[in-house]
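Taking it in order: structure first as structure tokens, then the write-up.
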Amino acid sequence: MGLKLLTEVLSNVFKRASTIEYPKQPSLALKEHRGQQYADLSKCVGCSLCAVECPSNAITMASLPVKLKHNPRSIYPVIDYGKCIFCYRCVDVCPVKAYVITNYFEIASDRPGNSSELSLNTIPK
Ligand code: SF4
Ligand code: SF4
């Protein structure tokens, strides 16, 4: 038993590590990984359906800072990534396919904790 264990230990000493030194080395997400999503405001019509359907109440509707013809109520969805469970129900129910999906997963970072900035950057100039 002792010899078997020693052989096992020694054989592993010279093998490459199976793990990576994250975050020193990047950990790449799969292409299909459900990461941070946000509404493209050049498409969103402010219907609130995504907020109504969200199972974890992660979406609140906020006022748009500008008037957009296709969004008569001047509101847009803001996702709280701390509450989101990334089920993508919001993405699926949106009638105008306004959601931009990404595989970004590093939520514990210095990026904003909600989707507001990402969405506001999509307002047509
Ligand atoms: S992915 Fe799911 S939990 Fe997250 S905001 Fe959309 S509906 Fe809500
Ligand atoms: S469901 Fe789509 S169109 Fe409606 S508020 Fe959400 S993102 Fe905008």
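Tabulated data for the structure shown
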{"quantity": "Yes/no for residue 36 being closer than 17 Å to residue 114 by Cα and either at pLDDT below 90 or assigned to a loop (DSSP other than H, G, I, E, B) (or both)", "calculated": "yes"}
{"quantity": "Top-ranked residue of segment 81-125 - restricted to ones that are in contact with a Pro (Cβ under 9 Å, 6 or more places away or on another chain) and β-branched (Val, Ile, Thr), ranked as nearest to ligand 1 (Cβ to nearest atom)", "calculated": "85"}
{"quantity": "Subset tally (residues that are touching a strand residue (DSSP E or B) at 6+ places or on another chain (Cβ under 6 Å) and β-branched (Val, Ile, Thr)) for segment 42-99", "calculated": "6"}
{"quantity": "Residues that are part of a strand (DSSP E or B) and under 13 Å from residue 40 (Cα atoms), drawn from segment 77-97", "calculated": "77, 78, 79"}
{"quantity": "Selection count, segment 47-76, where residues are in a loop (DSSP other than H, G, I, E, B), within 16 Å of ligand 1 (Cβ to nearest atom) and surrounded by 12 or more Cβ atoms within 10 Å (Cβ to Cβ)", "calculated": "5"}
{"quantity": "Boolean, residue 101 is within 13 Å of ligand 2 (Cβ to nearest atom) and either surrounded by fewer than 18 Cβ atoms within 10 Å (Cβ to Cβ) or among the basic types (Lys, Arg) (or both)", "calculated": "yes"}
{"quantity": "Residue pairs meeting the criteria (Cβ under 9 Å; at least 6 apart or on separate chains; first touching a residue at least 24 places away in the same chain (Cβ under 8 Å), in segment 75-98; second among the basic types (Lys, Arg) and near ligand 1 (Cβ under 8 Å from one of its atoms))", "calculated": "86/34; 87/34; 88/34; 91/34"}
{"quantity": "Residue that is farthest from residue 77 (Cα to Cα), among those in segment 31-46 that are within 16 Å of the chain's Cα centre (by Cα) and within 14 Å of ligand 1 (Cβ to nearest atom)", "calculated": "33"}
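Residue-by-condition table, conditions (1) near ligand 2 (Cβ under 10 Å from one of its atoms); (2) modelled with pLDDT of 95 or more:
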| position | (1), (2) |
| --- | --- |
| 66 | no, yes |
| 80 | no, yes |
| 91 | yes, yes |
| 114 | no, yes |
| 117 | no, yes |
| 120 | no, yes |
| 125 | no, no |
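The values are calculated or read from the model by the stated rules, or taken from the named source; none is laboratory data. The structure presented is a predicted model; accordingly, all values stated were derived computationally and were not measured. Heads up, the Cβs are rebuilt from the backbone with ideal geometry, glycines too, and the neighbour counts pull from every protein chain shown.
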